[in-house]
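The values are calculated or read from the model by the stated rules, or taken from the named source; none is laboratory data. No experiment lies behind these values; they were computed from the predicted model shown. Cβ placement follows ideal geometry from the backbone for every residue including glycine, while neighbour counts extend to all protein chains displayed. Protein only, heavy atoms only, side chains kept; ligands, DNA and RNA dropped before computing areas. Shrake-Rupley method; radii C 1.70, N 1.55, O 1.52, S 1.80 Å.
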Amino acid sequence: MAEEIIYKYGHIEILPTRMQEYIKQQEMNEAERERIVKARNIHLDWYHRHFAYEVLKPPAEEWEPKA
Amino acid sequence: MPYQLSKKDFYAEPLSKAKPIDEEFVKEAYLVFACRHKFCRDICPNFDITRNEAHSSYGFHTSILAVSRGVGQLDELIDNFTYCLECGACELRCPNTCMGGDFYRRSTTTVDLVRKIRRDHMADGGEIKNWSAVKEYLDEHRGFVATQGDLVTKWAEGIKVAGDLKTALFVDFFTATQGTEVPRLAAQVLNKLGVKYGIYTTPGVTAPELLSENDDEWKKYAGENVANFKKLGVQTLVVMNPHDYALLIREYPKWFDMDGIETVFITDFILKKMKEKGVTPPKAIEGKFAYHDPCTLNTLVVEAESPRDLVGMVPGAEIVDVPPGNQWRYCCGNGNGPYRKLHEDIAYRIGQKRLRAAADLGVDTILVACPHCKDQFTDVKQKAGLPVEPVHVIELVAKAMGIEWETTSPTIG
Ligand code: SF4
Ligand code: SF4
């Protein structure tokens, strides 16, 4: 899926104008977004520990966020 | 810890049989219904015992959808909404949160949902089975409000409290009456570290149970607290009970401006002060311990480090339990709301399963960081005859700091 995005505080986010009609965004501050990112990493660590022999990273130029 | 704001405005509109469910709310239900991965189900400590899909985030959202489309009645479905511990694990495992919540700025908020459905149902004249036990508990706490000043300082009798309220200890009614050893020992540890603090004496009814009964009343107490914090010049609020901590970090910012007030959990505060002052507890306590991550810290706030790090400061003490991510599926069984009062038997079985997992590690002590977890495990241990004693992390640290107190568990050290 190709989606229009913005970079915000080191993370990617959907272009907010894309979330104004059918499904709307909720009030969410940076701390809440950091909480979700942290939880995702905890979950993925667990997942990798249990199910993967090796975890492949994307190519370097696609790895670092751009802003 | 920064305040975490996650709020859906359409939850404010009460559900009622007299009018259709708001379409925003229906779309919310569709987002979970349409997923069907059911990750929320397999992480749920309640589902783990009841094996009933209606008792899961998926089930709750689907029930709302059924009511909105006229194929179900809330009166018939309401019982399902009592089978939730309000632990928050399903919210994190839901792909709507875990894989896209930060990207779409929209996440699954099951805990808010079940609280809303329970209180709306009762406000609309409906009943919830066994609610009288919850009401009794809340009424007891409402009764405490008249004498709260004395009540919440009684635990500190004989302890020198020398500071002002710039740094204020926040002790709720449950902790002040049933979990006294935690603030008592924490205060003595702070004294040993030379930290000055005062005691905040008017917490009001803070129990999360109230959010399932009457959120306006809960907001009234919380609003009074915020006004008092500002009036009294509170800069740092040190919280003893993680249930309060989760409410302060996640619920208060929905309604109140918390600017200028830093809210810190007690283990985090002690750990920081020890590091600042270069203090290591002098007494070694050799041993391997299980550790139960309270879901209020581990899943609701996702800040599970400080109790573990504090135990790490105690010479000789070692946690041998699984990491926090593996503990999302655990709850002690008490729940972060009315669960244990509504489902005593299932609460016991959830607790028994958790305590057995600790026993399987070959330890005789499970450390906890929540007075409700300790209360619940104490009951479960007795009933199940399992050889694992629940001990609060603060008890361990106090002991290592050379502080003795009559209720410090004899099994440690
Ligand atoms: S909040 Fe906890 S108990 Fe409630 S449905 Fe989610 S995982 Fe289950
Ligand atoms: S008592 Fe402990 S494990 Fe149970 S809900 Fe509260 S913090 Fe979570």
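Kindly establish whether residue B:42 is away from chain A (no Cβ under 12 Å), under 22 Å from the mean Cα position of the chain (by Cα) and more than 16 Å from ligand 2 (Cβ to nearest atom).
Values: away from chain A (no Cβ under 12 Å): yes; under 22 Å from the mean Cα position of the chain (by Cα): yes; more than 16 Å from ligand 2 (Cβ to nearest atom): yes.
So residue B:42 passes the test.
Being open to solvent by 20 Å² or more (accessible area, probe 1.4 Å) and away from ligand 2 (no atom under 16 Å from the Cβ) is the requirement here; does residue B:102 meet it?
Details: open to solvent by 20 Å² or more (accessible area, probe 1.4 Å): no; away from ligand 2 (no atom under 16 Å from the Cβ): yes.
No: the conditions fail for residue B:102.
The set of residues in segment B:45-104 that are within 30 Å of residue A:15 (Cβ to Cβ), in contact (Cβ under 8 Å) with a residue 60 or more places away in the chain and more than 10 Å from ligand 1 (Cβ to nearest atom) comprises B:95, B:96. Against the list (1) more than 16 Å from ligand 1 (Cβ to nearest atom); (2) within 14 Å of chain A (Cβ to nearest Cβ), the condition residue B:286 fails is (2). Identify all residues within segment A:19-67 that are among the charged types (D, E, K, R) and modelled with pLDDT under 90; write none if there are none. Answer for segment A:19-67, where residues must be among the charged types (D, E, K, R) and modelled with pLDDT under 90: A:21, A:49, A:54, A:57, A:61, A:62, A:64, A:66.
Among residues of segment B:7-24 being under 30 Å from residue B:244 (Cβ atoms) and within 14 Å of chain A (Cβ to nearest Cβ), the one that is most open to solvent (accessible area, probe 1.4 Å) is B:9.
The rows are residues; the columns are (1) in contact with a helix residue (DSSP H, G or I) (Cβ under 8 Å, 6 or more places away or on another chain); (2) at positive phi.
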| residue | (1), (2) |
| --- | --- |
| B:134 | yes, no |
| B:160 | yes, no |
| B:164 | no, no |
| B:169 | yes, no |
| B:173 | yes, no |
| B:194 | yes, yes |
| B:198 | no, no |
| B:219 | yes, no |
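Of all the criteria given as (1) more than 16 Å from ligand 2 (Cβ to nearest atom); (2) within 20 Å of residue B:219 (Cβ to Cβ), the one not satisfied by residue B:95 is (2).
If you take the residues of segment B:358-379 that are over 29 Å from residue B:269 (Cβ atoms) and in contact (Cβ under 8 Å) with a residue 12 or more places away in the chain, which of them is surrounded by the most Cβ atoms within 10 Å (Cβ to Cβ)? So that I can check it myself, show each step before the final result.
So in segment B:358-379, the residues over 29 Å from residue B:269 (Cβ atoms) come out as B:359-360, B:362.
This time we only want the ones that are in contact (Cβ under 8 Å) with a residue 12 or more places away in the chain, so: B:359, B:362.
Values: B:359: 17, B:362: 9.
The selected residue is B:359.
Take residue B:153 and decide whether it is more than 16 Å from ligand 2 (Cβ to nearest atom), under 23 Å from the mean Cα position of the chain (by Cα) and crowded, with 22+ Cβ neighbours inside 10 Å. Considered against the rule, which asks whether it is more than 16 Å from ligand 2 (Cβ to nearest atom), under 23 Å from the mean Cα position of the chain (by Cα) and crowded, with 22+ Cβ neighbours inside 10 Å, residue B:153 comes out as no.
Test residue B:116 against the criterion of being open to solvent by 20 Å² or more (accessible area, probe 1.4 Å) and basic (Lys, Arg), and give yes or no.
Values: open to solvent by 20 Å² or more (accessible area, probe 1.4 Å): no; basic (Lys, Arg): yes.
Answer is no for this residue.
Scanning segment B:303-331 for residues that are within 11 Å of chain A (Cβ to nearest Cβ), part of a helix (DSSP H, G or I) and either out of contact with any helix residue (DSSP H, G or I) (no Cβ under 7 Å at 6 or more places or on another chain) or within 15 Å of ligand 2 (Cβ to nearest atom) (or both) returns B:305, B:324, B:326, B:327. For segment B:266-280, the condition of being more than 14 Å from every other protein chain (Cβ to nearest Cβ), within 16 Å of ligand 1 (Cβ to nearest atom) and among the aromatic types (Phe, Trp, Tyr) holds for none of the residues. For segment B:25-44, give me each residue that is within 11 Å of ligand 1 (Cβ to nearest atom) and open to solvent by 20 Å² or more (accessible area, probe 1.4 Å). Once the filter is applied, which keeps residues that are within 11 Å of ligand 1 (Cβ to nearest atom) and open to solvent by 20 Å² or more (accessible area, probe 1.4 Å), segment B:25-44 yields B:39, B:41, B:42, B:44. Only one of the numbered conditions (1) open to solvent by less than 10 Å² (accessible area, probe 1.4 Å); (2) more than 14 Å from chain A (Cβ to nearest Cβ); (3) part of a loop (DSSP other than H, G, I, E, B) is violated by residue B:4, and that is (2).
Is there a residue being farther than 24 Å from residue B:372 by Cβ, touching a helix residue (DSSP H, G or I) at 6+ places or on another chain (Cβ under 8 Å), among the aromatic types (Phe, Trp, Tyr) and within 13 Å of another protein chain (Cβ to nearest Cβ) anywhere in segment B:50-58? Scanning segment B:50-58 turns up no residue that is farther than 24 Å from residue B:372 by Cβ, touching a helix residue (DSSP H, G or I) at 6+ places or on another chain (Cβ under 8 Å), among the aromatic types (Phe, Trp, Tyr) and within 13 Å of another protein chain (Cβ to nearest Cβ).
Quick check on segment B:379-393. Is at least one of its residues in contact with a Pro (Cβ under 6 Å, 6 or more places away or on another chain), in a helix (DSSP H, G or I), more than 14 Å from chain A (Cβ to nearest Cβ) and within 16 Å of ligand 1 (Cβ to nearest atom)? No, because not a single residue in segment B:379-393 is in contact with a Pro (Cβ under 6 Å, 6 or more places away or on another chain), in a helix (DSSP H, G or I), more than 14 Å from chain A (Cβ to nearest Cβ) and within 16 Å of ligand 1 (Cβ to nearest atom). Inclusion of residue B:339 among residues that are within 16 Å of ligand 1 (Cβ to nearest atom), among the aromatic types (Phe, Trp, Tyr) and open to solvent by 30 Å² or more (accessible area, probe 1.4 Å) is not warranted.
Conditions (1) small (Gly, Ala, Ser); (2) in a loop (DSSP other than H, G, I, E, B); (3) more than 26 Å from residue B:261 (Cα to Cα), marked per residue:
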| site | (1), (2), (3) |
| --- | --- |
| B:120 | no, no, yes |
| B:137 | no, no, yes |
| B:147 | no, no, no |
| B:158 | yes, yes, yes |
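Within segment B:80-89, is even one residue more than 16 Å from ligand 2 (Cβ to nearest atom), farther than 30 Å from residue B:398 by Cβ and not aromatic (Phe, Trp, Tyr)? The answer is yes, given that some residue of segment B:80-89 is more than 16 Å from ligand 2 (Cβ to nearest atom), farther than 30 Å from residue B:398 by Cβ and not aromatic (Phe, Trp, Tyr). Within the option set A:21, A:32, being under 29 Å from residue B:255 (Cα atoms) and open to solvent by 50 Å² or more (accessible area, probe 1.4 Å) holds for one residue only, A:21.
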